[in-house]
Every structure is written in C-alpha cells, then in structure tokens.
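Each remark here refers to the structure printed beneath this line.
The values are calculated or read from the model by the stated rules, or taken from the named source; none is laboratory data. On a predicted model such as this, the values are computed, not experimentally measured, just so you know. Note: ideal-geometry Cβ built from the backbone for every residue, glycine included; neighbour counts use all protein chains shown. Heads up: the accessible areas ignore ligands, DNA and RNA and are worked out on the full protein's heavy atoms, side chains in. Shrake-Rupley method; radii C 1.70, N 1.55, O 1.52, S 1.80 Å.
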Amino acid sequence: MSTTVTSPDDELQADFDALIEAEQRIEPRDWMPEAYRKTLIRQISQHAHSEIIGMQPEANWITRAPSLKRKAILMAKVQDEAGHGLYLYSAAQTLGIARDTMTEQLIEGRARYSSIFNYPTPTWADMGAIGWLVDGAAICNQVPLCRASYGPYGRAMVRICKEESFHQRQGFEILLELANGTPEQKQMAQDAVNRWYWPSLQMFGPPDDESPNSAQSMAWKIKRFSNDELRQRFVGMLVPQFEALGLECPDKDLRWNEETEQWDMGEIDWDEFFDVLKGHGHCNAQRLQHRRQAHEDGAWVREAAAEYARKQSAQLKAVA
Amino acid sequence: MSAETEPSVTVTDVELDAELTSTGLVASADEAEYALRIGDDSLILAQQLGWWISRAPELEEDLALGNIALDLLGHARNLLHFAGTALGKTEDELAYFRDEHEFRSAWLFEQPNGDFGHTIARGLLTSAFQFELYTQLAESSSPGLAGIAAKSVKEVAYHRDHAVQWTLRLAGGTDESRSRIERALINTWPYLDELFRDDELHERFDAAPRPSALREPVMNVLRQVLAEAELDEPKTSESSGDGRHGHHSTYLGPILAEMQVLARRHPDASW
C-alpha cells in the first residue's frame with residue numbers, strides 16, 4: 001500500500017481531469033465524478049425529449065403536405081427525429097438511467113425539453129421556418145457537441161448533425177419556394193419567419209452572464225462555446241440567407257459592428273423565454289398530453305410484446 | 001464580414017429530389033388505369049399510416065410505421081407518375097386534384113387506422129396482397145409496371161414481415177391483445193374479396209396479373225399466419241365495396257379532404 005495521503009477518489013479524479021485536459025473521450029466504464037454524470041444525464045435526456053416532443057409540431061402537417069414530394073421529405077424528417085431520440089436515449093442509458101425512467105419523467109412533466117416546441121405550427125410555412133431556423137440553431141449548438149468529452153454523446157451527435165444538415169436544407173428550400181411563389185405564399189413565409197426568429201435565438205439559452213451551469217460544462221468540455229458565441233455565429237449564418245430568400249429579418253436593430261466585427265442584435269425578450277419555460281407557452285399542455293396519450297394508448301401493445309417474448313423464451317428453455 | 005465571423009456551419013448541398021422511377025416510358029390508357037388502381041391503394045394507405053408518426057406505442061414503431069408509409073408513398077408516386085404520362089398529368093395533379101369518385105383505391109386501404117391492432121390487421125392483409133401482386137407484376141410484359149413492381153416488392157416483403165411478427169405477438173401476448181387482434185381481423189376481413197375480383201379492364205389488359213389469380217397465394221399466406229398465431233379465420237361476409245370503379249367507403253372523403261386541403265386552397269402554387 002502506498003503511504004501517500006492521496007485517497008483513491010483523488011487519484012480517479014486526477015485521471016479523469018487528465019483525460020479531459022488531453023481532449024480524450026470519457027467512456028461509459030471510466031470513472032467519472034457524480035456531478036459530471038448527472039449533468040450529462042440531464043443534458044442528454046433533455047436533448048432526447050426535445051427530439052421526441054419536437055416530432056409533434058411537424059407531424060401536424062404530414063397529412064396535409066401540399067405535394068407528394070414534400071410529404072415524403074417531411075415524413076422522413078419526423079422519422080429521423082424519432083431516430084435521434086432513440087440514439088440519445090441509448091447514450092443516456094450508458095450513464096445508468098433506464099429509458100422507462102426517462103419516459104416517465106417526460107410524461108409526468110418532470111423533465112425539460114426545448115421550449116421552442118411549445119410554439120404552434122399554424123401554417124405550412126412553419127415547416128420551412130422550423131427547418132431553417134430551429135434546426136439551424138440546433139446545428140450551431142450541436143456541431144461543437146460532436147467533440148463533447150463523453151464518447152457516446154459525441155458519437156451520437158456526429159450522426160445526428162449529418163441528418164440535421166439535411167433538415168435545415170429542406171426547411172430553407174420550403175421557404176425559398178414560398179418566397180418565390182404567389183403573394184399569399186410569400187406572406188405565409190414571412191409570417192412564419194417572424195414567429196420563429198426570436199424563439200430560435202432563445203434556443204441558445206440565456207445570455208452568458210445569466211447562465212449558471214455553462215462554466216462547469218465548459219470546463220468539462222461538454223460545452224465548447226458560450227451561449228452568446230453560438231447565438232452570434234447563428235445570426236451571422238442567417239444574414240446572407242435572409243437575402244437569398246428575399247425575406248425580411250424581424251430584428252430591425254440588427255447591425256454589423258465594424259469595431260467588434262460582430263452583429264449587434266436587438267433586444268431578445270427573455271421574459272417570454274422564461275414564461276414558456278415555466279409552462280406558459282401556447283402548447284406546453286398539448287405537447288405533454290399528446291405524448292402521454294400515445295404512451296398510454298400503446299401500453300397494451302408493449303405489454304403484449306413483453307408477454308410474448310417471455311413465453312417465447314420460456315418455450316426455448318423448455319426445449320433446451 | 002471577416003473570416004472569423006464566417007459561420008463554421010453551412011448548409012450542405014443535399015439533393016432533395018427523391019428520384020422517381022423515370023423510365024421515359026409513356027403508359028397506354030390501360031396501363032394508366034391499372035397503375036392508378038394500385039397507386040391509389042398505396043397512396044391512401046401511406047396517407048393513413050403517416051398519422052401514426054409521433055403516436056405509435058413505442059419509438060421503434062414510430063420509425064417502423066413511418067418507414068412503411070414512406071415506402072408506400074414512394075410506390076404511389078412512381079405509379080401515379082407513370083399513369084400521368086398517359087393522362088397528361090403530374091403525380092400531384094392526380095393526388096390532389098381528383099375528386100373522390102375518380103380515385104381507384106380498394107376499400108381495404110381506406111379502412112381507418114383504428115387501434116394498433118386494426119392497423120396491424122389491415123397491414124397484414126394489404127401487404128400479403130401487395131407482395132403477391134408485385135411478385136407477379138414484376139414479370140409483366142409492361143416494362144413500366146414491371147420495373148416499379150420489381151423495386152416495390154422488396155420493400156413490401158419487409159412490410160409483410162412487420163405485420164406478421166406483430167400479428168403473432170398480439171395473438172400470443174396478453175388476453176387483451178389477443179382479443180383486440182381477433183376483433184381487428186374480423187373487422188378487416190370483409191374487404192379482402194374486392195382485391196380478387198376481375199373486371200372489364202382485366203378482360204382486355206393482360207399485362208397485369210388477374211386479381212382472381214392472386215386469391216389463392218394470398219389466402220395461403222394468410223392462413224399460414226393465422227395457423228401459427230392459433231387464430232381462426234374470420235367467418236365474415238364479403239363486402240361488395242367497389243373502389244376500383246369509384247364507389248368508395250365513407251372513409252375516403254375525409255381522408256382526401258385532409259390530404260388535399262392546402263394544395264386546393266392554392267391551386268396555382270408550386271411548393
């Protein structure tokens with residue numbers, strides 16, 4: 001036995017810190033501080049829930065998509081989101097939480113998901129605005145997560161980002177078609193962009209000086225850029241795309257600042273953000289009810305599958 | 001804008017136009033009539049299955065039912081596109097601007113999703129039918145129809161497997177699931193017969209299998225599945241529904257109303 005005063009936990013912590021410092025990945029069987037595990041479970045499960053709840057606003061238009069090509073693309077996109085939810089739930093499971101537990105947390109209203117999905121999708125143009133703005137913001141957030149220090153999360157994100165890029169592209173294409181279409185279509189596109197622009201900027205989270213968890217996540221190399229940095233990057237990406245679309249940016253105060261070489265944005269309404277977060281968005285109740293209903297309506301099917309599997313394995317054992 | 005502020009994330013150039021089976025072939029009037037019948041079957045079923053996405057009993061089924069819907073929509077697009085070459089119409093004109101009596105889908109495909117058991121029972125019957133149909137149609141003397149069938153049959157084989165596996169699970173699961181799948185089969189069975197009726201089209205058009213020739217192979221498969229699931233073959237009377245001549249179930253109207261609403265509100269728009 002060593003006579004040093006270092007406790008085993010200190011050694012493990014030192015190994016962990018060294019891995020993080022060396023930009024190595026933490027894998028499921030590696031030791032990790034409990035707070036790191038908890039932060040990841042919270043973040044990854046929230047991300048998974050967001051994918052699953054995020055299916056609803058778009059699923060709303062699958063049956064009414066105005067062309068068969070658009071219907072096929074939209075179905076594929078919403079289906080991708082179910083797939084993303086599955087990879088992310090699997091990544092969270094590697095940290096020791098069961099999928100059933102996460103599902104319960106969601107349908108009982110104890111888990112968070114991205115507030116953006118509490119906005120409604122009243123028109124077809126919302127399919128364009130969600131793809132372009134919401135998936136666009138998600139990509140800005142998620143590309144750096146491909147390098148997140150936790151291996152399963154980073155690897156899930158690589159796959160997800162590839163598909164998100166297709167999602168953003170299809171959203172942009174929907175809006176481009178509308179913006180170049182009839183006057184009613186162009187108005188529909190502008191209205192949808194007006195509704196989704198500010199909420200998409202809020203997706204990066206509160207300003208850096210009001211984001212309590214960010215510093216620790218950055219130290220752990222889960223998060224790589226601050227909320228404000230990512231928001232800035234996103235707006236920089238949108239400006240030329242607004243021009244290409246021929247649509248107006250709803251931020252009338254947006255200006256290029258020669259000195260800082262950044263875009264100065266208008267005021268974001270954080271009261272609205274926190275209001276939606278607290279449950280006062282348009283569709284918070286509807287989103288949860290939809291998920292709960294699907295879960296409850298499907299209970300007999302899941303029970304049947306479990307019972308059938310049990311009988312099958314009992315039969316196999318009897319034969320063996 | 002300086003290089004530093006250039007976004008590092010850009011929209012990648014992804015080709016979104018899912019390629020249709022564009023063979024350059026122009027359909028004859030009979031080929032078009034036939035393609036509309038089986039194309040409408042798939043379109044209406046895809047339209048209904050799309051509802052399940054975000055509502056399935058588990059995420060894996062959101063994916064599976066979504067996949068099946070997407071496959072069927074792909075088959076429908078190929079068939080409608082082919083039919084449109086004879087009629088001078090696009091796939092979207094055919095899907096969105098025909099009225100109820102102009103659709104040629106059979107009643108089975110129009111039956112509502114119901115609970116998951118009904119969706120599975122309907123899927124078992126439709127996929128057993130489409131599998132035999134496409135298997136035979138792939139040998140057709142019509143290159144247009146044969147090409148589409150040869151592509152579609154591989155996917156339909158998966159749809160059939162999905163329906164068979166779930167039929168077995170529900171029949172062999174709990175008492176509740178067994179009674180639900182039994183009831184669903186009873187409710188769905190009456191619409192099988194329509195799929196096997198020959199009519200004037202088949203008198204003059206021999207490039208497609210006669211519906212009556214599909215009865216035996218389809219029923220053989222279904223009876224095998226029922227036997228394995230230890231379910232009785234439903235003893236129901238056959239419905240005389242006749243979708244192939246535009247006489248539809250009352251379910252089709254609302255299905256089309258929902259599907260067509262936006263396209264019809266903007267008849268001159270492209271999307």
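Observations, loosely collected:
- Summed side-chain charge close to residue A:121 - residues other than residue A:121 whose Cβ falls under 10 Å, Lys, Arg +1, Asp, Glu -1: -1
- Residues of the range B:171-202 whose accessible area (probe 1.4 Å, heavy atoms of protein chains only) drops by at least 30 Å² once all protein chains are present, relative to their chain alone: B:172, B:173, B:174, B:180.
- For residue A:166, solvent-accessible area (1.4 Å; no DNA, RNA or ligand), Å²: 40 Å²
- Normalising the average separation of contacting C-alpha pairs (under 8 angstrom, six or more residues apart) by the number of residues puts the relative contact order of chain B at 22 percent.
- Amide H to amide H distances under 5 Å link residue A:26 with A:150, A:151, where only residues 5 or more positions off or on other chains count and H is placed in the peptide plane.
- Cα centroid separation, the range A:25-42 to the range B:221-255 (Å): 53 Å
- Accessible carbon and sulfur surface of chain B relative to its total accessible area, %, 1.4 Å: 49 percent
- Neighbourhood charge, 13 Å Cβ-Cβ cut-off, centred on residue B:213 and excluding it, Lys, Arg +1 and Asp, Glu -1: -2
- Along the range A:238-247 the Karplus relation, 6.51 cos²θ - 1.76 cosθ + 1.60 evaluated at θ = phi - 60°, assigns HN-Hα couplings of 6, 3, x, 6, 4, 5, 4, 6, x, 10 Hz to successive residues, with x for each Gly and Pro.
- Based on Cα atoms of the protein assembly as shown, Rg over Rh with Rh as the Kirkwood radius reads 1.02.
- When the range A:235-320 is reduced to its Cα atoms, the Kirkwood hydrodynamic radius in Å: 18.8 Å
- Across the range A:29-34, coupling constants 3J(HN,Hα) worked out from phi with the 6.51/-1.76/1.60 Karplus curve, θ = phi - 60°, read 8, 6, 5, 8, x, 4 Hz, and Gly and Pro carry x.
- Where B meets A: accessible area buried, both sides, 1.4 Å probe, Å²: 5400 Å²
- Across B:107, A:31, the residue with the most accessible area heads the list, and the full order at a 1.4 Å probe is A:31, B:107.
- Among B:26, B:153, the sequence by solvent-accessible area, most first, with a 1.4 Å probe is B:26, B:153.
- Across chain A, Cα pairs under 8 Å and at least six residues apart give a relative contact order of 18 percent.
- Estimated from the Cβ-Cβ distance and a Förster radius of 35 angstrom, the FRET efficiency linking residue A:10 and residue A:211 is about 0.75.
- Residue order for B:116, A:117 - accessible surface, 1.4 angstrom probe, largest first: A:117, B:116
- Taken one residue at a time, the phi angles of the range A:46-54 give Karplus couplings (6.51, -1.76, 1.60, θ = phi - 60°) of 4, 5, 4, 4, 4, 5, 6, 5, x Hz. Gly and Pro are set to x.
- Residue B:251 accessible area, assembled protein chains, probe 1.4 Å, Å²: 100 Å²
- Mean residue ellipticity (222 nm) of chain B, computed from DSSP H runs ≥ 4 via -39,500 (n - 2.57), nearest 500: -20000 deg cm²/dmol
- Using all pairs of distinct alpha-carbon atoms, the Kirkwood hydrodynamic radius of the range A:11-273 works out to 19.4 angstrom.
- The GluC sites (Glu not before Pro) of the range A:58-113 meeting both criteria, a DSSP state outside H, G, I, E and B (loop) and at most 11 other C-beta atoms within 10 angstrom of the site's C-beta, are A:108.
- Solvent-accessible area of residue B:161 with every protein chain in place, 1.4 Å probe, in Å² to the nearest 10: 80 Å²
- Distant-in-sequence amide H partners of residue A:262 (H built 1.01 Å from N, under 5 Å): A:257
- Under the simplified labelling scheme, the residue A:253-residue B:154 pair shows an inter-label distance of 5.7 nm, with each label point 7 Å from Cα along Cα→Cβ.
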